[in-house]
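Each remark here refers to the structure printed beneath this line.
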Amino acid sequence: MKVAAIVPAYNEATRIEGVLQVLLQCPQLHEILVVNDGSVDNTAEVVARMPRDADAPTLRLINLPVNRGKGGAMFAGATATDADVVIFFDADLIGLKPDHVARILRPVLEGDAAMSIGVFRGGRFSTDIAQVLVPYISGQRAMLRELFTEIPGIERTRSGVEIALTLHFRRQRYPVSMVVIEGVTHTMKEEKLGWARGALARAKMYAEIGRAFLRYARISDLRHKLLLKREE
């Protein structure tokens, strides 16, 4: 099965190189697509100058002229490849290793799951506890590409993309596997932007997650009601 790694990136020039260095070492990957989501820093330049070995996966850069949010960037990547399986990674990860990539991919490639989700453990307390409480918002996940692109409106979910994915897969009863990835964390918004701007960005993110939850939970409820009517 052909596998593409997709990395949505918005102003990640100082962080994305470390993630790409790891992905370029992964033999399971056929290509890596970085979706530069309207960045105003030099994210695109950093990606363009990444050194590449002949045996490494193909590295492609997709530049979006305006910011579409995480869901829009992920959709742009998923529709720009013909890979059977896509695996998404945040651009600000710390501690990612090739073995983590292989372990997240394994349940999907072996047919045990339609989607697998990488969950942080042992990185640092703040990100660990967040994924203990809400593991279904993790951005590290592999899935069959056609199941991602079939989700209605997924390109408009922005930061709510992970909860939209979770609710859709649950609604369709697609099997999902949780994979612990030890020692991995990410840079928090407050660290990127400062406390004030970071807090505002976090509030915006939570609002987008909330809107996605309300929308896709409502779709799930409607489907359940339709099924009940058919059974009557």
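Per-residue HN-Hα couplings for the range 24-36, Karplus 6.51 cos²θ - 1.76 cosθ + 1.60 at θ = phi - 60°, whole Hz, x for Gly and Pro?
5, 8, 9, x, 6, 8, 9, 8, 10, 10, 9, 9, 7
Considering only lysines 8 or more places apart in sequence, or on different chains, count the pairs in the chain whose C-alpha atoms sit under 24 Å apart.
Within the chain, the lysine pair count is 10.
For the peptides 98-104, 124-130, what is the packing order when you average, over each peptide's residues, the other Cβ atoms within 10 Å and list the highest mean first?
Per-residue Cβ counts within 10 Å, averaged per peptide and sorted highest first, yield 98-104, 124-130.
Karplus couplings for the range 119-131 from phi (6.51 cos²θ - 1.76 cosθ + 1.60, θ = phi - 60°), rounded to Hz, Gly and Pro as x?
Along the range 119-131, the couplings run 10, 5, 8, x, x, 7, 4, 4, 7, 4, 5, 4, 8 Hz.
Taking the number of other C-beta atoms within 10 Å as the exposure measure, put LEU105, LEU64, LEU133, LEU200 in order starting with the fewest.
Values: LEU105 22, LEU64 16, LEU133 8, LEU200 12.
With the fewest neighbours first, LEU105, LEU64, LEU133, LEU200 line up as LEU133, LEU200, LEU64, LEU105.
Could you pull the Rg and Dmax for the chain, using just the Cα atoms, both in Å?
Taking only Cα atoms of the chain, I get Rg and Dmax of 17.3, 62 Å.
Between 0 and 90 degrees, rounded to the nearest ten: what's the tilt of helix 161-172 against the longest Cα principal axis of the chain?
40
What angle, in degrees between 0 and 90 and rounded to the nearest 10, separates the Cα long axis of helix 98-109 from the longest principal axis of the Cα atoms of the chain?
That helix lies at roughly 30 degrees to the long axis.
Read the figures in this text as sums done on the coordinates, not as results from a lab. Keep in mind that this is a model prediction, so the values were computed, not measured. Every residue, glycine among them, receives a Cβ derived from its backbone with ideal geometry; neighbour counts consider all protein chains shown.
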